[in-house]
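To start, the structure under review is shown below, and the notes come after it.
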Amino acid sequence: MNAKVLHTLEFDKITALLADHCGSEPARRMCETLRPSQNSEWIESAQEQTADAFTRLLKNDRLSFGANFDARELIKEASIGRPLSMGNFCALSRLLQCVGDLAEYGEATATEEPDSLHGFFEVLDPLTPLKKEIDRCIISEEEMSDNASPELKRIRSSYGVISARIHSQLNQMVNQSMRSYLQDAVVTQRGGRYCIPVKAEYKGQVPGIVHDTSSSGSTFFIEPASIVELNNKLSTLHQEEDDEVRRILAALTARVDADGERLNEDQRLVTLLDFIFAKAKYALKLGATRPHYNTEGRIRLRQARHPLLDPKRAVPIDVTLGDTYDLLIVTGPNTGGKTVSLKTVGLLALMGQSGLHIPAGDRSELSLFGDIFADIGDEQSIEQSLSTFSSHMSSIVVILKKARKDSLVLFDELGAGTDPTEGAALATAILEHLHIKGIRTMATTHYSELKIYALSTPGVENASCEFDVETLSPTYRLLTGVPGKSNAFAIAGKLGLSQHIIDAASAHIDSESESFESVISDLQDKRLSLEKEQEAFLAEKERLERRIRELEEREEKLEAQKDKILSSAREEARDLLKEAKDVADETIRAFNKQGNQMRIDTMEKKRSSLREQITRQDEALSRDSLKRKKEQQASMAGASLKASEAVPGTAVHILSMDVDGSIISAPDKDGFVQVQCGILRSKVPLEELVRAEQKAPAKEKKTKMPGKQPVLDLSKTSGFHSEINVLGCTVDEAIARIDKYLDDAYMSHADKVRIVHGKGTGALRKGIHDYLRFNSIVKHYELAAHGEGDAGVTIVSFK
């Protein structure tokens, strides 16, 4: 890839930003020297490594490469036997610690299937024995541990004992015997030997060796004769310590040399991982994705953004090139985003071929280009006496010579800087030459001739950068398939140019150009209208799909509840029946056992006990049945019939009555409809109705005789009584009889009826009242007045 295009498309700025995400200097150098590749295998491998690092970062982003450094020079010095310093060993220890941490990170973030980074983490070797030996011997860059060797420990111990004896003797001189001779009561060192500061006039009173004098000559630094021998021993021990330290450093250096090859490999892998994870961190910051590569020379960018623009303000663009057309001509006003669109395509192609993810939507496609050429910006050169046009043309000549079928060519304002007629003709010829050769090309222009060329030539497409004339600002949206307008007159008018000047300018435009601009304007208006309609259609489609999903989920829920309720009811009925059978069997066994000897009162007690047991079971069954009914009603309430669905003839199920019927009238203003249930007609609110499956009409058992008219059965009304007696019935038996009785009474137009149920335990009365509460034809019910049955009778009024 030529260096000029890297600078023109600002790829060097991308590598600088990438380097900022590195943790070590070696990785930064890798980023700064990164260049696009033409090797498809390398590109796919680099893209996969970036994607895998991205995945691991999402799991855990706590990894550091700060201890990494280029250790090759140190390892080379160790190989020739030159001892390393304590600072060198500290740096190596930190590097090995980094290697160990990375090995643990690789294991912690590993996936079930090994990824492309697994092999790198797998071969990292923290050289634990070497690191432990370095840490045991070296405390800091300037200090070695006493435990580095037994000899060093002995030397430093002896040094401490002798040093203490010297301090003891000198302190006694300073504080007692020679205090008056001293300039200051301190012990100091000169040339590595302990001395005391003696006044010049008392120099002869202190026997010893003079090592130094003050600048004024008033103080002599004298080593007393009594500690000369001790200072000599200290000097000897100090030399022995230096020799031992050098020996230990030499031994450690030999260890490093032995592991030199492994150390080099560790440092190379750490640098490579730092570089790969820098690419992943940069992708995470950009919100970038991995591009898919094809071999057809096709570019398909979805929601692409220029990586150097603020992602919060950058307007994404969709660009397709190399599919049904290999030449894209972009037009539109200045500052509308044409050049940015051009650079975005070129820069993203460079980034992809460098193993970097691109700031574009998922499933974006790129193709491998053998070379990328770009003629963008003002190329005027004063030094070379080249005008803007001449400079651009020189660049274009080079591009036309070098461009091949697998190249990508980008032109900005092709043919500008010269006579418009000649410039447009040259631009058309250049683009046609590239189009014939099948070279992927994208060019920006203001020439109407190029718009017409794109409209009339197969394999060539127009595109435009949208501009809002009302706000006098670009939207930066790239619209493929529609040529753009320069909007020069509109912009000039918004900026305050007199209308009569604009009108005069319009008069200088020939009718064909004016007609062409009008067509473009009409196309843009139609496009905007179609976009709005498409947005409305997509929104409605999404709403309908969401509604269908909700209905399917509700249907599944209702079916599951139905099965659950039925299963529960069967289990409860079986348990109650078994319990009643056990009580009956026990009573029969007792009767058979005692035979004729059983007394009447005993038999009556047994009978009463059995009846009470059955009554309790009936009450429990009634409560459970009512509870299930309420639960079913609550669960089905969400599927209530809507007003628009309540049309005459619709089969429905009435929740409160648990019967099916058919709607015979539209809803009134209060939301009530008339429902025909057999011979019964009811007025029911919409919220109590749900759709019912249409049932095929049952076949008549008797064949109608020809010519015979149907006969109305009046038996229900002719034998009607205003009272029903359910004493001794179970709750279910009583409700079955009462339900039929109330239908007959309602059809007979009765106002009130009496239900005789007795007082008893009150269970039968409660069950009947629970039934009446949900009956749609019952207006009101109450207990009879005192003297007319009291709590043993219920009076029911109809609607």
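The values are calculated or read from the model by the stated rules, or taken from the named source; none is laboratory data. What you see is a predicted model, and the numbers here were worked out from it, not measured in a lab. Heads up, the Cβs are rebuilt from the backbone with ideal geometry, glycines too, and the neighbour counts pull from every protein chain shown. Just the protein is used for accessible areas: all its heavy atoms, side chains included, with ligands, DNA and RNA removed. Shrake-Rupley method; radii C 1.70, N 1.55, O 1.52, S 1.80 Å.
Quick notes
- Within the option set LEU263, LEU309, LEU284, LEU327, being out of contact with any Asp or Glu (no Cβ under 6 Å at 6 or more places or on another chain) and either closer than 30 Å to ALA78 by Cα or of a type in the set (Lys, Arg) (or both) holds for one residue only, LEU263.
- Evaluating ARG62 against the criteria (1) under 35 Å from the mean Cα position of the chain (by Cα); (2) modelled with pLDDT of 95 or more; (3) not acidic (Asp, Glu) leaves one unmet condition, (2).
- Of all residues in segment 240-252, none satisfies being charged (D, E, K, R), within 30 Å of GLY481 (Cα to Cα) and open to solvent by 20 Å² or more (accessible area, probe 1.4 Å).
- Close Cβ contacts (under 7 Å, 6 or more residues apart or on different chains) running from residues in segment 369-382 that are in a strand (DSSP E or B) to residues that are among the polar types (S, T, N, Q) and modelled with pLDDT under 55 are absent.
- Segment 24-57 - residue that is outside any loop (DSSP other than H, G, I, E, B), in contact (Cβ under 8 Å) with a residue 12 or more places away in the chain and open to solvent by 60 Å² or more (accessible area, probe 1.4 Å) and, of those, nearest to ALA280 (Cα to Cα): THR55
- Pair list, Cβ < 9 Å and 6+ apart or interchain, from segment 88-100 residues that are under 11 Å from LEU124 (Cβ atoms) to residues that are aromatic (Phe, Trp, Tyr): CYS98/PHE65
- Between ASP751, ASP670, ASP713, the distinction of being open to solvent by 40 Å² or more (accessible area, probe 1.4 Å), modelled with pLDDT under 85 and within 53 Å of the chain's Cα centre (by Cα) belongs to ASP670 only.
- ASP266 vs. criteria part of a helix (DSSP H, G or I), closer than 18 Å to GLY355 by Cα, in contact (Cβ under 8 Å) with a residue 60 or more places away in the chain and of a type in the set (Asp, Glu): no
- In the set ARG94, ARG72, ARG29, only one residue is basic (Lys, Arg) and either under 27 Å from GLY297 (Cα atoms) or within 34 Å of the chain's Cα centre (by Cα) (or both); that residue is ARG29.
- Cβ-Cβ contacts under 9 Å between residues 6 or more apart (or on different chains), taken from a first residue in segment 299-314 that is farther than 29 Å from ILE439 by Cβ and in a loop (DSSP other than H, G, I, E, B) to a second residue that is open to solvent by 80 Å² or more (accessible area, probe 1.4 Å) and of a type in the set (Lys, Arg), are listed as PRO311/LYS285.
- Failed item, numbered, when THR324 is tested on (1) among the β-branched types (Val, Ile, Thr); (2) in a loop (DSSP other than H, G, I, E, B); (3) under 26 Å from HIS7 (Cβ atoms): (3)
- Looking across segment 417-441, just one residue is touching a Gly at 6+ places or on another chain (Cβ under 6 Å), open to solvent by less than 20 Å² (accessible area, probe 1.4 Å) and under 25 Å from ASP371 (Cβ atoms), and that is ALA427.
- For segment 71-81, the criterion of being open to solvent by less than 20 Å² (accessible area, probe 1.4 Å), over 12 Å from GLN267 (Cα atoms) and part of a helix (DSSP H, G or I) is met by at least one residue.
- In the condition set (1) more than 30 Å from THR50 (Cα to Cα); (2) in a helix (DSSP H, G or I); (3) free of Cβ contacts under 8 Å to residues at least 24 places away in the same chain, ARG156 is compliant with all but (3).
- When segment 552-567 is filtered for residues that are open to solvent by less than 80 Å² (accessible area, probe 1.4 Å) and either touching a helix residue (DSSP H, G or I) at 6+ places or on another chain (Cβ under 7 Å) or at pLDDT 75 or above (or both), the ones remaining, listed by number, are ARG554, LEU558, ALA560, GLN561, ILE565.
- Of all residues in segment 143-170 being exposed (fewer than 13 other Cβ atoms within 10 Å of the Cβ) and among the polar types (S, T, N, Q), the one that is farthest from the chain's Cα centre (by Cα): SER168
- Just one of the listed residues (VAL161, VAL210, VAL245) is in contact with a strand residue (DSSP E or B) (Cβ under 6 Å, 6 or more places away or on another chain), modelled with pLDDT of 85 or more and under 30 Å from ASP135 (Cα atoms), and it is VAL245.
- Residue list for segment 159-207, filter: under 30 Å from CYS137 (Cβ atoms), among the small types (Gly, Ala, Ser) and without any contact (Cβ under 8 Å) to a residue 40 or more places away in the chain: GLY160, ALA164, GLY191
- Filtering LYS343, LYS281 for residues that are out of contact with any Ser or Thr (no Cβ under 8 Å at 6 or more places or on another chain), within 18 Å of CYS465 (Cβ to Cβ), in a helix (DSSP H, G or I) and open to solvent by 20 Å² or more (accessible area, probe 1.4 Å) leaves a single hit, LYS343.
- Within segment 302-319, being aliphatic (A, V, I, L, M) and within 22 Å of LEU18 (Cβ to Cβ) holds for ALA304, LEU308, LEU309, ALA314.
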